[in-house]
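Worksheet for the structure shown next.
The values are calculated or read from the model by the stated rules, or taken from the named source; none is laboratory data. Not measured: the values here are computed from a predicted model. Every residue, glycine among them, receives a Cβ derived from its backbone with ideal geometry; neighbour counts consider all protein chains shown.
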Amino acid sequence: MVSQKNPPPGETPGALEGLRVIDQTQVMAGPFCSMLLADMGAEVIKVEPREGEYTRQERAIAPGVSASFLALNRNKRSLALDLKQPEGVEILKKLAATADVLVENYRPGVAGRLGVDFEILKKVNPRLIYCSISGFGQTGPYASRGGFDLIAQGMSGIMSATGSEGGPPVKVGVPITDLGAGLFAVFGILCALRARRATGRGQFVDTSLFEAGLALSAWEATEYWYTGQIPKRLGTAHRLNAPYQAFKASDGYFTVGAANNKLWGLFAQMLGLGKLVADPRFDTVGGRMQNRLELERLLEAETSKQPRAVWLERCEKAGVPAGPIYSVAEALADPQAQARGMTLEYEYPGVGMVKALGNPVKLSRTPARLRRVPPRLGEDSDAILRELGYGVDEVKALRQKKAIS
Amino acid sequence: MKPLQGIRVIDLTQAMAAPFCTMNLADMGADVIKIEPPGEGEPTRQLGAAQKNGHSATFMTMNRCKRGIAVDLKQPEGVEIVRKLVATADVFVQNYRPGVVNRLGLDFDSLKKINPRLVYCQISGFGNTGPYSGRGGYDLIAQGMSGVISVTGDEDGPPAKSGIPLADLAAGLFGAYGILSALEYRERTGEGQLVDTSLLEAAMALTVWESAEYWSTGKAPKPVGSAHRNSAPYQALRALDGYFTVGAGSDKLFAAFCAVLGRKDFLEDQRFAGRAARLANRRALEAEIEKITGRETRAAWLERLEKAGVPAGPINNYAEALADPHALARGMVVDLVHPGAGAIKALGVPVKLSETPGAVERAAPLLGQHTAEVLAELCYSESEQKALLSKGVVQ
């Protein structure tokens, strides 16, 4: 598939059309970053080792087809390259000369050993924006350590604030520092693109799972710095407000955010507990926070008498923000999620219909969309090399030497 | 030079998601002008437990690096000021419930007539369309409805949410991604557009692995405590004096971990040989490993694991995380001076640009701190400004 500078008639353009991205990433943070660029129309070329990116071996749904890989690599092309051979490095350099952005998430130092780090590639292309996503960043005492989401959640403080007091440690169930690092990387890349308009030069963009975890702890850092108290684990409750948590109904839990005096009044009335509103223990946010466990006990004595559906209907009528606690299956089937296009469905050759998450940001003129299904390993190797000016015989020779596949 | 220098953002936001979006733009050099109601200002200015010298910590946290003006949008002259500002702006961000801005004439369709190049971003609980678009939404509700709570917490315990408000924060970041993407398109075509995202969609977009698991197995994923859905050992482990984390799911790292534990025999144990076996026998593996890790302190294990190149770390509380030498070396803690609160601390910029770095250089504004400055930039004369002040249109 050749990159398209102009969309076919009848199709909306992509906001990032014309942007060429080399994606030397694996697993989650890096692939998530480049997928967000690809969703907006950037041409993303995933450079994989000849045996394929690590994730291709996980969660098989058909021979050689990984659900995990599909989830993060749509709208990308694939070039399978052996960077341990000089020909492989040469191809990557030629590719870098044509690109706007390169994203990688190797451990710091690996790109240098392969001869494809920023210092080398910026000589090939001074306009290149080179983004590294790592566990801890390229500098500082832990730079060389390997880092996973779990480690970053633990070290950034997130685990210390997640779960129920007294229980064993739990992490946020989604890999939030991976995803957060991917988002901050996209943000940094798009900022660097704007700077390039003024300076004419690319630059190095450096972020990490650890820093993303800290940056996402804005509320918790604030609590610590301003109150001197170390944020605790609160189950589903809020650090600064009450009632704002999950409550037990007769058939499970639901959430309620009655986070100001007005909503608290409405919620209490709705439960037939209007007398609590004037109760000096509960008549201010401060009081409700101080007496949160008592408040929870009094409210749950009522909420546990009826099923979730009854309470959610009453909350909606009363204008009290509330919601179910869905499983992932229920979340995806919810009418609002459906109406907002949060599930995409496409046919994957040889597998059949496959589902994927939609892009969460809706642009009116240039909506994110599925332009192509995730690539097979090396699916675009030949086409990309031909675009770089390699002849048919040269491509054949490279294939025979196992520099590409 | 900062990367977003020259980009002007009109910020009609409150609480967390949208202020976090514009804060990130401000860190990178955008001129963010926050519009607040006179009198009390944005609701987060109201004091909670976290404050200094009568200034709200939550407000100061989310509004650094911005300029602030106080304008009464219930008076037509106030709305006129905002419309004049919009004519000079690149980006407009608001997080009212859908409908509120229509009543004020500050909706996308109205503002694009003033400025066709405007990128207009709306961050709401559920998005601008669909059956729940009119509902109010909070982080907690989005966490519950996206499935995030269903996969967080102890295997058998009560529900737990992500301790950080990830739906709010992610919606802010996705908003920034949408805005900057739309600005790229505008560079090519001159056209602005509407960027519409929500807490619900942001939280759902974070369930990449979990939705893939559901679609590929037909089973909805459950909470797994600190463990990984698809890899073991990768979890918190008990030491003599508390817990630490280890990620050693690959065969190579598992072998290195077993060497550190002095239990190379695990590699031959058929329950633990290979990734699939370890995942299937995760609880048995955990029990075997904790028999050994429980004998010594966290510090002892972390030192050995670092030497062996096995990713591992402490479970820091926030006092520890914010004092960690690496966090400090990466500039993640910044000292600022606020005009009312004095010396305060703030988190740094997590993404480092080598040539045009962002920076946290200015504390959040006092209510109306830049009103006169901004009105003067809009060419309101001194007498006009006085009249607006005396009518209570601005503060």
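A count restricted to region B:17-27 and to residues that are of a type outside the set (V, I, T) and either in a loop (DSSP other than H, G, I, E, B) or under 18 Å from A:A192 (Cα atoms) (or both) stands at 6. In the set B:V101, B:V91, only one residue is β-branched (V, I, T), surrounded by 14 or more Cβ atoms within 10 Å (Cβ to Cβ) and touching a helix residue (DSSP H, G or I) at 6+ places or on another chain (Cβ under 6 Å); that residue is B:V91.
Scanning region B:108-121 for residues that are surrounded by fewer than 20 Cβ atoms within 10 Å (Cβ to Cβ), touching a helix residue (DSSP H, G or I) at 6+ places or on another chain (Cβ under 6 Å) and without any contact (Cβ under 8 Å) to a residue 40 or more places away in the chain yields a single hit, B:I114.
Tallying residues that are under 24 Å from B:K391 (Cβ atoms) and either within 14 Å of another protein chain (Cβ to nearest Cβ) or under 27 Å from the mean Cα position of the chain (by Cα) (or both) within region B:97-110 yields 3. Within region A:267-276, being away from chain B (no Cβ under 14 Å) and surrounded by 19 or more Cβ atoms within 10 Å (Cβ to Cβ) holds for A:A268, A:M270, A:L271, A:L276. A:R194 meets the conditions (1) at the interface with another protein chain (Cβ under 7 Å from one of its Cβ atoms); (2) under 21 Å from the mean Cα position of the chain (by Cα) in every case but one. The failed one is (2).
The numbered conditions (1) in contact with a helix residue (DSSP H, G or I) (Cβ under 6 Å, 6 or more places away or on another chain); (2) at the interface with another protein chain (Cβ under 7 Å from one of its Cβ atoms); (3) touching a residue at least 40 places away in the same chain (Cβ under 8 Å) are all true for A:T222 except (3). Scanning region B:132-168 for residues that are part of a helix (DSSP H, G or I), more than 7 Å from every other protein chain (Cβ to nearest Cβ) and not acidic (D, E) yields a total of 3.
Name the residues in region B:8-32 that are crowded, with 23+ Cβ neighbours inside 10 Å and in contact with an Asp or Glu (Cβ under 6 Å, 6 or more places away or on another chain), would you? Matches in region B:8-32: B:M16, B:A17, B:T22, B:V32. All of B:A323, B:A312, B:A299, B:A329 fail the test of being within 11 Å of chain A (Cβ to nearest Cβ), under 18 Å from B:L237 (Cβ atoms) and of a type in the set (A, V, I, L, M, F, W, C), apart from B:A312.
Each row is one residue, and each column tells you yes or no for (1) closer than 24 Å to B:E377 by Cβ; (2) more than 8 Å from chain A (Cβ to nearest Cβ); (3) modelled with pLDDT of 95 or more; (4) assigned to a helix (DSSP H, G or I).
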residue: B:Q5; (1), (2), (3), (4): yes, no, yes, no
residue: B:A15; (1), (2), (3), (4): no, yes, no, no
residue: B:G29; (1), (2), (3), (4): yes, yes, yes, no
residue: B:G41; (1), (2), (3), (4): yes, yes, yes, no
residue: B:I69; (1), (2), (3), (4): yes, yes, yes, no
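Just so you know, in region B:215-227 the residues that are crowded, with 18+ Cβ neighbours inside 10 Å and more than 7 Å from chain A (Cβ to nearest Cβ) include one that is nearest to A:G154 (Cα to Cα), and it is B:A227. Considering every residue within region B:233-253, establish whether at least one is part of a helix (DSSP H, G or I) and within 7 Å of chain A (Cβ to nearest Cβ). Within region B:233-253, none of the residues are part of a helix (DSSP H, G or I) and within 7 Å of chain A (Cβ to nearest Cβ). Note on region B:188-205: among residues that are more than 7 Å from every other protein chain (Cβ to nearest Cβ) and not β-branched (V, I, T), the one that is nearest to B:K112 (Cα to Cα) is B:G192.
Yes/no per residue for (1) among the small types (G, A, S); (2) in contact with a helix residue (DSSP H, G or I) (Cβ under 8 Å, 6 or more places away or on another chain):
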| residue | (1), (2) |
| --- | --- |
| B:I123 | no, yes |
| B:G130 | yes, yes |
| B:I141 | no, yes |
| B:G147 | yes, yes |
| B:G157 | yes, no |
| B:S162 | yes, yes |
| B:L166 | no, yes |
| B:A171 | yes, yes |
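The residue that is nearest to A:Q85 (Cα to Cα), among those in region A:49-73 that are away from chain B (no Cβ under 13 Å) and not basic (K, R), is A:P49.
Take the conditions (1) within 18 Å of the chain's Cα centre (by Cα); (2) more than 7 Å from chain B (Cβ to nearest Cβ); (3) in a loop (DSSP other than H, G, I, E, B); A:G202 misses just one of them, which is (1). Yes or no: B:A171 facing chain A (nearest Cβ under 7 Å) and surrounded by 23 or more Cβ atoms within 10 Å (Cβ to Cβ)? In short, no.
The criterion of at least 3 residues that are within 7 Å of chain B (Cβ to nearest Cβ) and within 27 Å of B:G29 (Cβ to Cβ) is met by none of the helices (runs of 4 or more DSSP H) falling completely within region A:106-189. When the residues of region A:390-405 are filtered to those that are in contact with a Leu (Cβ under 8 Å, 6 or more places away or on another chain) and part of a helix (DSSP H, G or I), the one that is surrounded by the fewest Cβ atoms within 10 Å (Cβ to Cβ) is A:E394. So which residues in region A:225-266 are surrounded by 22 or more Cβ atoms within 10 Å (Cβ to Cβ), without any contact (Cβ under 8 Å) to a residue 60 or more places away in the chain and of a type in the set (V, I, T)? Once the filter is applied, which keeps residues that are surrounded by 22 or more Cβ atoms within 10 Å (Cβ to Cβ), without any contact (Cβ under 8 Å) to a residue 60 or more places away in the chain and of a type in the set (V, I, T), region A:225-266 yields only A:T236. Filter region A:130-167 down to the residues that are under 17 Å from the mean Cα position of the chain (by Cα) and among the charged types (D, E, K, R) and list them by number. Of everything in region A:130-167, just one residue is under 17 Å from the mean Cα position of the chain (by Cα) and among the charged types (D, E, K, R), namely A:D149. Taking the criterion of being small (G, A, S) and farther than 29 Å from B:G348 by Cα, the residues of region B:62-107 that qualify are B:G78, B:A87, B:G99, B:G105. Free of Cβ contacts under 8 Å to residues at least 24 places away in the same chain and under 17 Å from the mean Cα position of the chain (by Cα): is that true of A:S34 in this structure? Judged against the criteria, A:S34 is not a match.
Here A:L214 clears all of (1) over 19 Å from B:D324 (Cβ atoms); (2) surrounded by 24 or more Cβ atoms within 10 Å (Cβ to Cβ) except the condition numbered (1).
All of (1) within 14 Å of chain B (Cβ to nearest Cβ); (2) under 30 Å from A:G350 (Cα atoms); (3) among the polar types (S, T, N, Q) hold for A:S78 with one exception: (1). Among residues of region A:57-79 that are on the phi > 0 side of the Ramachandran plot, those with a beta-carbon under 8 Å from a residue that is surrounded by 19 or more Cβ atoms within 10 Å (Cβ to Cβ) and in a strand (DSSP E or B) at least six positions away or on a different chain give the pairs A:R59/A:S66; A:N75/A:V44. Regarding A:V124, is this residue within 25 Å of B:L353 (Cα to Cα), β-branched (V, I, T) and either surrounded by 19 or more Cβ atoms within 10 Å (Cβ to Cβ) or out of contact with any strand residue (DSSP E or B) (no Cβ under 9 Å at 6 or more places or on another chain) (or both)? Yes: the conditions hold for A:V124.
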